[in-house]
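The values are calculated or read from the model by the stated rules, or taken from the named source; none is laboratory data. This structure is a prediction, so every number in the text was calculated from the model and none was measured. FYI the Cβ positions are ideal-geometry reconstructions off the backbone, even for glycines, and counts take in every protein chain you see.
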Amino acid sequence: DVKVTQSSRYLVKRTGEKVFLECVQDMDHENMFWYRQDPGLGLRLIYFSYDVKMKEKGDIPEGYSVSREKKERFSLILESASTNQTSMYLCASTPGLAGIETQYFGPGTRLLVL
Amino acid sequence: AQSVTQPDIHITVSEGASLELRCNYSYGATPYLFWYVQSPGQGLQLLLKYFSGDTLVQGIKGFEAEFKRSQSSFNLRKPSVHWSDAAEYFCAVGADSWGKLQFGAGTQVVVTP
């Protein structure tokens, strides 16, 4: 079974803090994704990565950056957290073998920025 | 651009009754379609997917979905719901060759005794 883990289930940070959200997958997947989930908006893609050190912007990259130094780990960084970044953050991965594939999700991190 | 519409934000259903969740998509070519479920406090779990072939797709937990190209729909059904089916359900369409998905806004399902 594919396992995608996220470093924290709940996180409380203050405005202006630098925040790191970590995601690790254990199935040697090539592609990894970061989404944020907000009520009534579904999941929106922030960034994705198709290889180590490679990244592409998604639909809502503003205020975020990412890092992928190792294949299994994909980090989402909020350089200076703001209250409008309070949300649920979900990480996902796919094998990267054939275009559209099933995405495997982590349990999510619920972030509150005060 | 691809888009997914789930017209129902919230559905309440009695335990044992049938359930149908609607999904409409906008996509130029043959779509790759997914239904995911999110139980409270959890990540998303794949229920079923359609890539090609038989337009009636069977999934886990007794769910099925039917792809109707003429209606641009991929509706999810279950004949008899259980209390454990209370969750949020997301429809998604494959957005490009990199494997990105476009998600709908979700439908919250409440199951009453």
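Summary of computed values
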quantity: Test: residue in the range A:18-37 that is surrounded by 16 or more Cβ atoms within 10 Å (Cβ to Cβ) and over 23 Å from B:Q45 (Cβ atoms); calculated: yes
quantity: Failed item in (1) within 23 Å of B:Q2 (Cβ to Cβ); (2) in a strand (DSSP E or B); (3) hydrophobic (A, V, I, L, M, F, W, C), with A:L97 passing the rest; calculated: (2)
quantity: Residue within the range B:16-34 that is of a type in the set (D, E), over 25 Å from A:P95 (Cβ atoms) and away from chain A (no Cβ under 14 Å) present; calculated: yes
quantity: Selected residue (criterion: nearest to the other protein chains (Cβ to nearest Cβ)) from residues of the range B:64-82 that are closer than 12 Å to B:P31 by Cβ and surrounded by fewer than 14 Cβ atoms within 10 Å (Cβ to Cβ); calculated: B:R69
quantity: Hits in the range B:83-100 - residues which are acidic (D, E) and crowded, with 16+ Cβ neighbours inside 10 Å; calculated: B:D85, B:E88
quantity: Residue, modelled with the lowest pLDDT, within the range B:101-113, restricted to residues that are out of contact with any Ser or Thr (no Cβ under 7 Å at 6 or more places or on another chain) and surrounded by 22 or more Cβ atoms within 10 Å (Cβ to Cβ); calculated: B:L101
quantity: Candidate set: the range A:51-92, residues that are part of a strand (DSSP E or B), modelled with pLDDT of 95 or more and aliphatic (A, V, I, L, M); chosen: the one farthest from A:D38 (Cα to Cα); calculated: A:V66
quantity: Subset of the range A:71-96 (residues that are farther than 16 Å from A:F48 by Cβ and not acidic (D, E)); calculated: A:L78, A:S80, A:A81, A:S82, A:T83, A:N84, A:Q85, A:T86, A:S87, A:M88
quantity: Residue match in the range B:83-91 (condition: under 24 Å from A:L97 (Cβ atoms), within 14 Å of chain A (Cβ to nearest Cβ) and at pLDDT below 95); calculated: no
quantity: Residues that are more than 12 Å from chain B (Cβ to nearest Cβ), of a type in the set (A, V, I, L, M, F, W, C) and either out of contact with any strand residue (DSSP E or B) (no Cβ under 8 Å at 6 or more places or on another chain) or in a strand (DSSP E or B) (or both), drawn from the range A:19-33; calculated: A:V19, A:F20, A:L21, A:V24
quantity: Strands (runs of 3 or more DSSP E) enclosed by the range B:37-113 - at least 2 residues per element that are of a type in the set (K, R); calculated: B:73-78
quantity: Subset of the range A:1-18 [in a strand (DSSP E or B) and of a type in the set (A, V, I, L, M, F, W, C)]; calculated: A:V4, A:L11, A:V12
quantity: Residue count, the range B:1-24 (criterion: within 11 Å of the chain's Cα centre (by Cα) and either of a type in the set (F, W, Y) or outside any loop (DSSP other than H, G, I, E, B) (or both)); calculated: 5
